[in-house]
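**Student:** I'd like to ask some things about the structure below.
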Amino acid sequence: MLKIIVTGGAGFIGSHLARRLLENHEVYIIDCLHPYYSPHRKRIHLDWIKTIGDFHFYNQDLRDREGTIQLIKEISPEVVIHLAALPGVAYSINQPLEYVDYDIKATINVLEGAGQSGARQVIFASSSSVYGNQKGPFHEDMACGKVISPYAAAKYAAESYCHVYEQLYGFQMNIVRFFTVYGPWGRPDMAIGLFIKSLLNGEEIHIFGSGSTRDYTYIDDIVEGIYLTMIKSTGSDTFNIGSGRPIKMEQLLSELKIHFPAMVVKREGPRLGDVDQTWADISKAVHQLGFKPKIAFSLGLKETVKWAREYEKFL
Ligand SMILES: NC(=O)c1ccc[n+]([C@@H]2O[C@H](COP(=O)([O-])OP(=O)(O)OC[C@H]3O[C@@H](n4cnc5c(N)ncnc54)[C@H](O)[C@@H]3O)[C@@H](O)[C@H]2O)c1
């Protein structure tokens with residue numbers, strides 16, 4: 001049984017991950033319930049985790065350097081999985097400096113705390129956005145800092161600090177780059193969550209730009225990718241965790257129409273900061289970790305719609 005810190009454990013990915021880890025590990029969640037989206041919803045996530053088992057929860061803002069380092073030292077974990085961040089490409093265009101604080105400075109504090117506490121492994125949640133506006137499939141070596149949003153720039157910078165602290169403290173450093181994650185309890189600011197909510201309310205949905213493609217990855221596959229990284233990766237390395245199967249906007253719309261036949265789509269111009277395409281080359285994770293995404297997009301979407309019909313009205 002490992003002692004594992006999950007920062008951002010009250011969030012979308014963190015709550016699913018915590019439930020998986022609780023099956024055979026001791027879980028310490030650090031999360032400040034940031035109001036980027038409803039803190040009420042994050043408290044519901046915490047209650048949902050509790051249905052699996054007990055865990056430790058600390059309402060700590062990771063921007064507070066001394067508090068963060070002290071807390072991590074007190075917990076003294078074997079593994080730190082750092083998911084906490086301010087997400088969202090669109091918001092980062094308007095508030096770029098917040099991403100320096102939440103996604104870079106807070107990460108430095110966590111890395112320092114992990115180092116001082118003697119943790120043996122740190123896993124950092126990065127993003128497909130670090131590949132910028134290239135043509136896929138994206139191999140891990142293709143990230144070169146040429147990104148198109150402050151969010152992506154912050155993630156790329158945070159990755160650099162991960163390499164620095166790996167050298168300073170000698171812990172095993174794994175960077176996992178997630179590709180557009182969706183599923184039950186999905187983040188309410190992301191396309192699939194927004195679309196389903198509007199459709200449940202009988203409202204039209206708004207599409208930005210045309211012909212964009214996303215490597216939508218079901219939450220269970222992301223959790224499995226993180227778990228495999230924790231137990232199978234033997235050294236410090238970076239892995240794409242995605243489905244490896246890009247979905248065109250038109251395909252997403254036709255899948256949604258199956259569930260919402262009366263769907264009305266309003267098309268708008270492209271949004272600044274959004275890349276045209278994401279597409280993960282997952283061969284490295286497949287060969288080195290035994291990672292194998294299991295959930296087909298149509299099934300994942302069906303599960304997400306089913307969840308939303310049941311829960312969205314309470315959130
Ligand atoms: N969801 C995706 O599609 C996706 C894709 C690529 C990368 N990621 C990354 O995965 C991670 C988790 O994403 P998510 O979708 O679950 O987001 P989320 O917003 O649901 O979860 C992030 C959590 O971090 C917490 N947090 C933020 N700043 C904090 C701070 N300073 N101190 C303490 N807690 C703080 C928030 O309260 C929130 O609960 C993030 O690093 C995100 O950038 C997500």
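**Student:** Tell me whether the range 24-40 contains one or more residues that are small (Gly, Ala, Ser) and crowded, with 16+ Cβ neighbours inside 10 Å.
**Tutor:** Looking for residues that are small (Gly, Ala, Ser) and crowded, with 16+ Cβ neighbours inside 10 Å, one finds none in the range 24-40, hence no.
**Student:** So which residues in the range 28-63 are within 13 Å of the ligand (Cβ to nearest atom), part of a loop (DSSP other than H, G, I, E, B) and either out of contact with any Ser or Thr (no Cβ under 6 Å at 6 or more places or on another chain) or of a type in the set (Phe, Trp, Tyr) (or both), if there are any at all?
**Tutor:** Answer for the range 28-63, where residues must be within 13 Å of the ligand (Cβ to nearest atom), part of a loop (DSSP other than H, G, I, E, B) and either out of contact with any Ser or Thr (no Cβ under 6 Å at 6 or more places or on another chain) or of a type in the set (Phe, Trp, Tyr) (or both): 31, 32, 33, 34, 35, 36, 37, 38, 59, 60, 61, 63.
**Student:** Only one of 236, 298 is closer than 26 Å to residue 163 by Cα and small (Gly, Ala, Ser); which?
**Tutor:** Exactly one of 236, 298 is closer than 26 Å to residue 163 by Cα and small (Gly, Ala, Ser), namely 236.
**Student:** Here's something else I'd like to know. Being within 26 Å of residue 228 (Cα to Cα) and within 13 Å of the ligand (Cβ to nearest atom) is the filter here; which residues of the range 64-79 pass it?
**Tutor:** Listed by number, the list holds a single entry, 72.
**Student:** Residue under question is residue 122, and the condition is that it be under 24 Å from residue 152 (Cα atoms) and more than 10 Å from the ligand (Cβ to nearest atom); does it hold?
**Tutor:** yes
**Student:** Going by the conditions given, is residue 103 surrounded by 21 or more Cβ atoms within 10 Å (Cβ to Cβ), out of contact with any strand residue (DSSP E or B) (no Cβ under 8 Å at 6 or more places or on another chain) and either modelled with pLDDT of 95 or more or within 30 Å of residue 277 (Cα to Cα) (or both)?
**Tutor:** Yes.
**Student:** Would you point out which residue out of 193, 209, 183 is over 21 Å from residue 138 (Cα atoms) and away from the ligand (no atom under 15 Å from the Cβ)?
**Tutor:** Of the residues listed, the single one that is over 21 Å from residue 138 (Cα atoms) and away from the ligand (no atom under 15 Å from the Cβ) is 209.
**Student:** I would also like to ask the following. For the range 83-103, which positions are among the β-branched types (Val, Ile, Thr) and within 11 Å of the ligand (Cβ to nearest atom)?
**Tutor:** 89
**Student:** Report yes if some residue within the range 281-295 is touching a residue at least 24 places away in the same chain (Cβ under 8 Å), over 23 Å from residue 160 (Cβ atoms), small (Gly, Ala, Ser) and touching a Leu at 6+ places or on another chain (Cβ under 8 Å); otherwise report no.
**Tutor:** Looking through the range 281-295, at least one residue is touching a residue at least 24 places away in the same chain (Cβ under 8 Å), over 23 Å from residue 160 (Cβ atoms), small (Gly, Ala, Ser) and touching a Leu at 6+ places or on another chain (Cβ under 8 Å).
The values are calculated or read from the model by the stated rules, or taken from the named source; none is laboratory data. Just so we're clear, the structure is a prediction, and the values are computed from it rather than from any experiment. Ideal geometry is used to build each Cβ from the backbone, glycine not excepted, and the neighbour counts take in all protein chains shown.
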